1. Kindly provide the trypsin sites (Lys or Arg not before Pro) of segment 189-285 that DSSP labels as loop, not H, G, I, E or B, and whose Cβ sees at most 16 other Cβ atoms within 10 Å.
2. Going by how many other Cβ atoms sit within 10 Å of their own, how do Ser138, Ser113 line up, fewest first?
3. Arrange Leu230, Leu106, Leu13, Leu244 by Cβ neighbour counts within 10 Å, fewest through most, would you?
4. Residue farthest toward the positive end of the dipole of segment 139-228, with Cβ of Lys/Arg at +1 and Asp/Glu at -1: which of Val195, Gln179, Ile157?
5. List the GluC sites (Glu not before Pro) in segment 114-180 that DSSP assigns to loop (not H, G, I, E or B) and whose Cβ has at most 12 other Cβ atoms within 10 Å. Which are they?
6. If you filter segment 86-186 for trypsin sites (Lys or Arg not before Pro), then keep DSSP loop positions with at most 14 other Cβ within 10 Å, what is left?
7. With 10 angstrom as the radius, rank Leu178, Leu66 by how many other C-beta atoms surround their C-beta, starting from the fewest.
Amino acid sequence: MSEALPKAPRKRLPKPSWIKMRAPAGERYLQIKDLLKGLNLATVCQEAQCPNIGECWGGGTATIMLMGEVCTRGCRFCNVKTGNPKGKLDLEEPQKVAYAVSKMGLDYVVLTSVDRDDLPDEGSSHFAKTVRQMKLLSPELIVEVLTPDFKGNEEYIANIVDAEPDVFAHNVETVERLQKRVRDPRAGYAQSLRVLEFVKERDETRYTKTSIMLGLGESDEEVRQTLKDLRSVGCDVVTFGQYLQPQKRHLPVEQFVTPEKFQEWQTEAEGMGFMYVASGPLVRSSYRAGEFFMKGVIEKRKAEGSL
């Protein structure tokens with residue numbers, strides 16, 4: 001019997017013409033980069049190799065990542081380092097972040113974090129403290145948080161909701177069928193939906209937001225069902241973006257979705273009642289178009305006295 005031949009490594013799909021990334025540059029980009037480096041602060045923009053880093057930083061927006069650069073989860077789509085931080089935590093980080101944001105002169109900030117399953121409350125109180133410190137130093141600041149799932153622990157989620165971020169984001173990432181293939185086993189579709197649902201139960205004035213990656217092998221009907229599920233838990237905002245394979249060890253791209261298809265999803269999601277939809281090949285959960293929209297909505301509500 002002849003020996004089975006080893007499988008040839010799978011070749012990456014060639015990137016289509018509509019996947020174009022600008023090299024980051026500009027004075028504002030360099031100012032933010034130097035400030036964050038000086039304070040030893042991490043950003044998901046850098047760690048996750050976001051294709052919009054030049055656009056966002058050049059426009060004065062950055063998504064700051066709390067609690068270090070090492071995540072205790074091992075999602076197969078993500079470029080953030082995986083490991084065990086062994087409880088290490090910079091207790092002065094909330095003050096450092098608040099100071100950095102005040103010096104940037106921003107009016108809308110996205111705050112996210114790695115998963116920290118190694119901490120007693122998975123870092124939720126640290127996250128909440130950072131939100132409060134930012135609001136204290138910059139009272140007019142609008143804060144969006146993009147949080148882990150905290151394994152569904154409602155006490156931990158409530159820690160952050162009670163700090164009163166203006167927008168609470170948590171990503172479902174992909175359709176239900178692909179969850180185990182794409183995400184860490186400790187994450188899950190139903191668990192993520194419940195996070196978004198609980199935020200509304202805890203404080204109905206908080207806007208909720210999520211993001212879906214396309215190109216991982218999902219079907220149209222599966223995406224459609226995901227949108228229905230998100231609306232059933234009151235999710236206000238959804239973004240669609242193309243999954244891009246960061247390194248060879250990560251999941252391969254199954255399909256490059258056309259800009260026309262992204263537009264179709266935007267139209268369909270808007271028709272389902274989402275307050276805002278951002279959809280395009282290079283759109284990410286912290287995409288600036290969404291931030292500017294949320295800023296306008298929140299400021300209008302404040303002016304009307306409903307916040």
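1. Details: sites: Arg194, Lys200, Arg202, Arg206, Lys209, Arg224, Lys228, Arg231, Lys248, Arg249, Lys261, Arg284; in loops: Arg206, Lys248, Arg249, Arg284.
Here the trypsin sites (Lys or Arg not before Pro) that fit, given the DSSP loop and packing criteria, are Lys248, Arg249.
2. Details: Ser138 20, Ser113 24.
The order, fewest Cβ neighbours first, is Ser138, Ser113.
3. Working: Leu230 25, Leu106 18, Leu13 13, Leu244 21.
If I rank by nearby Cβ atoms, fewest first, I get Leu13, Leu106, Leu244, Leu230.
4. Result: Gln179.
5. On the way: sites: Glu122, Glu140, Glu144, Glu154, Glu155, Glu173, Glu176; in loops: Glu122, Glu140.
The qualifying sites are Glu140.
6. Values: sites: Lys86, Lys88, Lys96, Lys103, Arg116, Lys129, Arg132, Lys135, Lys151, Arg177, Lys180, Arg181, Arg183, Arg186; in loops: Lys86, Lys88, Arg116, Arg183, Arg186.
Taking segment 86-186 and a limit of 14 other Cβ atoms within 10 Å, the loop trypsin sites (Lys or Arg not before Pro) found are Lys86, Lys88.
7. Values: Leu178 19, Leu66 24.
Ranked by crowding around the Cβ, least crowded first: Leu178, Leu66.
Since every read-out is calculated from the coordinates, none of them should be taken as a lab result. Bear in mind the structure is a predicted one, so any value in this text is a computation, not a measurement. Neighbour counts are summed over all protein chains in view; Cβ atoms, including those assigned to glycine, are modelled from backbone coordinates with ideal geometry.
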